[in-house]
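*Asks:* Take a look at this one; I'll ask things after.
The values are calculated or read from the model by the stated rules, or taken from the named source; none is laboratory data. For clarity, every value in this text was computed on a predicted model and none was experimentally measured. No Cβ is skipped: glycine too gets one built from the backbone with ideal geometry, and neighbour counts run over all protein chains shown. These accessible areas exclude ligands, DNA and RNA; they are computed on the full protein's heavy atoms, side chains included. Shrake-Rupley method; radii C 1.70, N 1.55, O 1.52, S 1.80 Å.
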Amino acid sequence: MRSLDNIIVSCAVTGAIHVPTMSPHLPVTPKEIADEAIAAADAGASIVHIHVRDPETGEPITDLDLFRDVAERIHAESDVIIQPTTGGAPTMSPKERVSVVPELKPEMASCNMGSINFGLYPLLEKYDSFDYAWEREYLESTRDLIFKNTFEDLETVLPIFSQHGTMAELECYDVGHLYNAKYIVDQGLIEPPIHLQFVLGIHGGIGTDPENLSHMVRIAEKLFGDTFSFSVIGAGKSEFVRGIQSIDMGGHVRVGLEDNLYAGPGQLAESNAELVEKIVSLADDLTTREIATPDEVREFLELKGRTNTAL
Ligand code: KMH
Ligand code: ZN
């Protein structure tokens, strides 16, 4: 594995998993999303992972004007690495989702390594009513919905990343996705070094057991030797325990309201910055590693922004 002494903390500020009924703190408008991202960066995040939502209803959408608005607001205030999603929402097509890359030409964007039945519908059980009409239907629709990232999709979207010098962070929801990642490297669709994001705890993907993280790291080592680095998303309440496990194993960590709404049992996080502060404080208490700055991460991941401005 490629190692960086310091920890890359990513913050995923709003996402497309949670709906506004679930937390009044979920940012929705471009200003809210950008303000949350800037505060997360001030708290220690070197990467902010960005989705956008309909400012009126909070529904996940792909609106390039909204993406641009958010990116410009963040860029004006912070040197944090802006990482737009190309995962969008499970309901969107791969072509729609990747359209943000030519629009913003970002340093980095997420890229999803396989197709899964991205099941959000179990969340329905926790809520009796919803604030917006779309929310229930959206969550329910995922019972029979494939989040589609086929080999043909990867062959279509990855050249768009390359064309714009955008690094693909490879989102792996199961062990098989590591073999898909190996395939795209072998096909020359991306150039090593690669940065893997292990996503644990999505219904339809691998679970949050500690053994799964160890296994994914071990298989990544077999497949990629010293040409990969990794970060971990532990969905829901596993966010911090898997994050600390990752840091302890030499990896990196993602937190944020996209992945987890709670700062503690029954206690909604009031902001993304609160989640970043928590992982920074846990890392400080429990490990000997420090937090990486955006420029250190640019150098380490060999992002185009290490020589130019990001956008
Ligand atoms: N929503 C997460 C489970 C993406 O946006 O490309 C993974 C993710 C994917 O953030
Ligand atoms: Zn995302």
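*Asks:* What number goes with the only condition from (1) open to solvent by less than 30 Å² (accessible area, probe 1.4 Å); (2) out of contact with any Cys (no Cβ under 9 Å at 6 or more places or on another chain); (3) under 30 Å from Thr307 (Cα atoms); (4) more than 16 Å from ligand 2 (Cβ to nearest atom) that Leu139 does not pass?
*Replies:* With respect to (1) open to solvent by less than 30 Å² (accessible area, probe 1.4 Å); (2) out of contact with any Cys (no Cβ under 9 Å at 6 or more places or on another chain); (3) under 30 Å from Thr307 (Cα atoms); (4) more than 16 Å from ligand 2 (Cβ to nearest atom), Leu139 is out only on (3).
*Asks:* I'm told Thr91 meets every condition in (1) at pLDDT below 95; (2) among the β-branched types (Val, Ile, Thr); (3) part of a helix (DSSP H, G or I) except one. Can you identify the failing condition by its number?
*Replies:* Exception for Thr91: condition (3).
*Asks:* Tell me, which residue of the stretch 4-45 that is touching a Gly at 6+ places or on another chain (Cβ under 6 Å) and more than 14 Å from ligand 1 (Cβ to nearest atom) is nearest to Ser229 (Cα to Cα)? Please lay out each step first, then the result.
*Replies:* Of the residues in the stretch 4-45, the ones touching a Gly at 6+ places or on another chain (Cβ under 6 Å) are 9, 11-13, 20, 28.
Next cut, more than 14 Å from ligand 1 (Cβ to nearest atom) only: 9, 20, 28.
Details: Val9: 13, Pro20: 33, Val28: 31 Å.
Step by step, filter the stretch 4-45, then rank; the result is Val9.
*Asks:* Consider only pairs whose beta carbons are under 8 Å apart and that are at least six residues apart or on different chains; among these, list those whose first residue lies in the stretch 114-128 and is more than 28 Å from Gly176 (Cβ to Cβ) and whose second residue is modelled with pLDDT of 95 or more and not aliphatic (A, V, I, L, M).
*Replies:* Tyr127/Thr21
Conditions (1) away from ligand 1 (no atom under 12 Å from the Cβ); (2) open to solvent by less than 10 Å² (accessible area, probe 1.4 Å); (3) out of contact with any helix residue (DSSP H, G or I) (no Cβ under 8 Å at 6 or more places or on another chain), marked per residue:
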residue: Val80; (1), (2), (3): yes, yes, no
residue: Thr91; (1), (2), (3): yes, no, no
residue: Pro94; (1), (2), (3): no, no, no
residue: Ser99; (1), (2), (3): yes, no, no
residue: Glu103; (1), (2), (3): yes, no, no
residue: Ser110; (1), (2), (3): no, yes, yes
residue: Ser115; (1), (2), (3): yes, no, yes
residue: Phe118; (1), (2), (3): no, no, no
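*Asks:* Please state which of the following conditions Asn149 fails to meet, knowing it meets all the rest: (1) within 21 Å of Met216 (Cα to Cα); (2) surrounded by fewer than 14 Cβ atoms within 10 Å (Cβ to Cβ).
*Replies:* Among (1) within 21 Å of Met216 (Cα to Cα); (2) surrounded by fewer than 14 Cβ atoms within 10 Å (Cβ to Cβ), Asn149 violates only (2).
*Asks:* Given the criterion open to solvent by less than 40 Å² (accessible area, probe 1.4 Å), without any contact (Cβ under 8 Å) to a residue 12 or more places away in the chain and farther than 25 Å from Leu145 by Cβ, identify the matching residue among Gly264, Gly243, Gly207, Gly188.
*Replies:* Gly264
*Asks:* Take the stretch 47-99 and flag every residue that is basic (Lys, Arg) and more than 21 Å from Thr21 (Cα to Cα). First the steps, then the outcome.
*Replies:* First, pick out the residues of the stretch 47-99 that are basic (Lys, Arg): 53, 68, 73, 95, 97.
Result: Arg68, Arg73, Lys95, Arg97.
*Asks:* If I ask for residues that are among the aliphatic types (A, V, I, L, M), out of contact with any Leu (no Cβ under 9 Å at 6 or more places or on another chain), surrounded by fewer than 24 Cβ atoms within 10 Å (Cβ to Cβ) and within 13 Å of Ser271 (Cβ to Cβ), which ones from the stretch 20-54 would you list?
*Replies:* Result: Ile38, Ala39.
*Asks:* Filter the stretch 210-240 down to the residues that are open to solvent by 20 Å² or more (accessible area, probe 1.4 Å), among the charged types (D, E, K, R) and either within 12 Å of ligand 1 (Cβ to nearest atom) or outside any helix (DSSP H, G or I) (or both) and list them by number.
*Replies:* Answer for the stretch 210-240, where residues must be open to solvent by 20 Å² or more (accessible area, probe 1.4 Å), among the charged types (D, E, K, R) and either within 12 Å of ligand 1 (Cβ to nearest atom) or outside any helix (DSSP H, G or I) (or both): just Asp226.
*Asks:* Would you tally the residues in the stretch 169-185 being among the small types (Gly, Ala, Ser) and open to solvent by 10 Å² or more (accessible area, probe 1.4 Å)? Can you show your working first?
*Replies:* Step one: of the stretch 169-185, the residues among the small types (Gly, Ala, Ser) are 176, 181.
From what's left, open to solvent by 10 Å² or more (accessible area, probe 1.4 Å): 176.
The qualifying residues number 1.
*Asks:* Quick check: anything in the stretch 62-71 open to solvent by less than 20 Å² (accessible area, probe 1.4 Å) and away from ligand 1 (no atom under 16 Å from the Cβ)? I'd like the intermediate steps shown before the answer.
*Replies:* Within the stretch 62-71, the first condition is being open to solvent by less than 20 Å² (accessible area, probe 1.4 Å), and the residues that meet it are 67, 70-71.
If we keep only those that are away from ligand 1 (no atom under 16 Å from the Cβ) as well, we get none.
So far as the stretch 62-71 goes, no, none of its residues is open to solvent by less than 20 Å² (accessible area, probe 1.4 Å) and away from ligand 1 (no atom under 16 Å from the Cβ).
*Asks:* Would you check if there is a residue in the stretch 51-64 being touching a Ser or Thr at 6+ places or on another chain (Cβ under 6 Å), modelled with pLDDT of 95 or more and within 15 Å of ligand 2 (Cβ to nearest atom)? Outline the logic, then answer.
*Replies:* Our first condition is that a residue be touching a Ser or Thr at 6+ places or on another chain (Cβ under 6 Å); within the stretch 51-64, this holds for 51, 55.
So of that shortlist, the ones also modelled with pLDDT of 95 or more come out as 51, 55.
Next cut, within 15 Å of ligand 2 (Cβ to nearest atom) only: 51.
Yes, the stretch 51-64 contains at least one residue that is touching a Ser or Thr at 6+ places or on another chain (Cβ under 6 Å), modelled with pLDDT of 95 or more and within 15 Å of ligand 2 (Cβ to nearest atom).
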